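Working notes, structure below.
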Ligand SMILES: *Cc1c(COP(=O)(O)O)cnc(C)c1O
């Protein structure tokens, strides 16, 4: 039985076009679990966006970003533009193996991310016409060149096709602009032959400021979450009630033969660890005093029950025991409304960490 992502198709597509329209140069990001939708679906949707953009003379989605070299094959035949790989190229592993196996037409669509001096030399040696962006080290300290390394590239950066400089910024904490300005200054003083800037996590206002201050630059904002998941109201996740068992205080249930702390119902619902359904911390305050008070009230989290992401009768319910592989057991205390076998219930999930059995997009 299924954990299902329901998408209000018309509303979702409106949101996608809205984001594209207000984000010139948009580069959609499709990586990992495809933000819950799956990589293939996002690739087709990017193709759709590209065609809509082309029809109105705008550049969106002429480049799709994937996370890894292994993901190229998931998007390549559902979308026909360039594919930027966000994980920096290295002279080992998937970067080398996948790339060598691509047919030449597909290989020309790939834009590599390069973050080390030696790697640029090694890439251009293997593939003298490689397309690439140079990643600059940001305050994230993930990957990238510092100013000194950039300057040491010298004529190396005239090899292949330099498609721009890239910076991966931390999630917004105040303004990123001073950091971006410093990095652009580094790129300019290194004499890099490019005027394209690939950025992430800038607000629409920051992007607008950047476009004004660097009007000779082309800005390419890479966006995943804000694009695919930016209108949560168009998305809903449901599970099914698979079984309902009335229990009295002291009745035994589950893999661990726990006993029910009071009367109520044990529910078996679809969705488990294989879908990414995990244990969440119980609600509310964790202080000893608060726990003592909960204990005194006979609260279930006090007896070790943990909050689940499933809602029943308007409340987020507690797991009766840790989620199983494809199903979960919940405890619903007496007094609450109990759904029937087959009913749909709402689930709150992290879309980037959930594998859905079905994605249902309403048409029209
Ligand atoms: C994932 C990723 C993005 C997109 O991030 P979102 O928060 O999903 O918009 C942009 N750039 C890089 C380098 C990434 O890895």
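The values are calculated or read from the model by the stated rules, or taken from the named source; none is laboratory data. Since we're looking at a predicted model, the values are computed, not measured. Ideal geometry is used to build each Cβ from the backbone, glycine not excepted, and the neighbour counts take in all protein chains shown.
For the subset of region 137-146 comprising residues that are surrounded by 16 or more Cβ atoms within 10 Å (Cβ to Cβ) and in contact with a helix residue (DSSP H, G or I) (Cβ under 8 Å, 6 or more places away or on another chain), which member is farthest from residue 124 (Cα to Cα)?
Keep residues of region 137-146 that are surrounded by 16 or more Cβ atoms within 10 Å (Cβ to Cβ), which gives 137-138, 143-145.
Narrowing further to those that are in contact with a helix residue (DSSP H, G or I) (Cβ under 8 Å, 6 or more places away or on another chain): 138, 145.
Working: 138: 24, 145: 17 Å.
If we take residues in region 137-146 being surrounded by 16 or more Cβ atoms within 10 Å (Cβ to Cβ) and in contact with a helix residue (DSSP H, G or I) (Cβ under 8 Å, 6 or more places away or on another chain), then 138 is farthest from residue 124 (Cα to Cα).
Counting just the residues of region 84-101 that are within 16 Å of the ligand (Cβ to nearest atom) and part of a loop (DSSP other than H, G, I, E, B), which one comes out farthest from residue 198 (Cα to Cα)? Working first, answer last.
Residues of region 84-101 within 16 Å of the ligand (Cβ to nearest atom): 84-90, 94-95.
Applying the additional criterion that residues be part of a loop (DSSP other than H, G, I, E, B) yields 86-90.
On the way: 86: 11, 87: 14, 88: 14, 89: 16, 90: 20 Å.
It comes out as 90.
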| Given 76, 95, which one is more than 26 Å from residue 204 (Cα to Cα), at pLDDT below 95 and surrounded by 18 or more Cβ atoms within 10 Å (Cβ to Cβ)? | 95
| note | Counting only helices (runs of 4 or more DSSP H) wholly inside region 102-189, the ones holding at least 2 residues that are under 22 Å from the mean Cα position of the chain (by Cα), closer than 26 Å to residue 211 by Cβ and more than 16 Å from the ligand (Cβ to nearest atom) are none
| Exactly one of (1) at pLDDT 95 or above; (2) surrounded by fewer than 20 Cβ atoms within 10 Å (Cβ to Cβ); (3) outside any strand (DSSP E or B) is unmet by residue 336. Its number? | (1)
| request: Select, from 209, 225, 196, 203, the only residue that is more than 16 Å from the ligand (Cβ to nearest atom), surrounded by fewer than 17 Cβ atoms within 10 Å (Cβ to Cβ) and either in contact (Cβ under 8 Å) with a residue 24 or more places away in the chain or under 24 Å from residue 144 (Cα atoms) (or both). | output: 209
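Taking the residues in region 254-269 that are at pLDDT 95 or above and in contact with a strand residue (DSSP E or B) (Cβ under 6 Å, 6 or more places away or on another chain) as candidates, determine which candidate is farthest from residue 328 (Cα to Cα).
The initial filter retains those residues of region 254-269 that are at pLDDT 95 or above, namely 263-269.
Applying the additional criterion that residues be in contact with a strand residue (DSSP E or B) (Cβ under 6 Å, 6 or more places away or on another chain) yields 264-269.
Values: 264: 16, 265: 13, 266: 10, 267: 8, 268: 6, 269: 5 Å.
For region 254-269, the residue satisfying everything is 264.
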| request: For residues that are away from the ligand (no atom under 11 Å from the Cβ) and farther than 9 Å from residue 60 by Cβ, tally how many sit in region 20-32. | output: 1
| All positions within region 44-73 that are buried (at least 22 other Cβ atoms within 10 Å of the Cβ) and part of a loop (DSSP other than H, G, I, E, B) | 60, 61
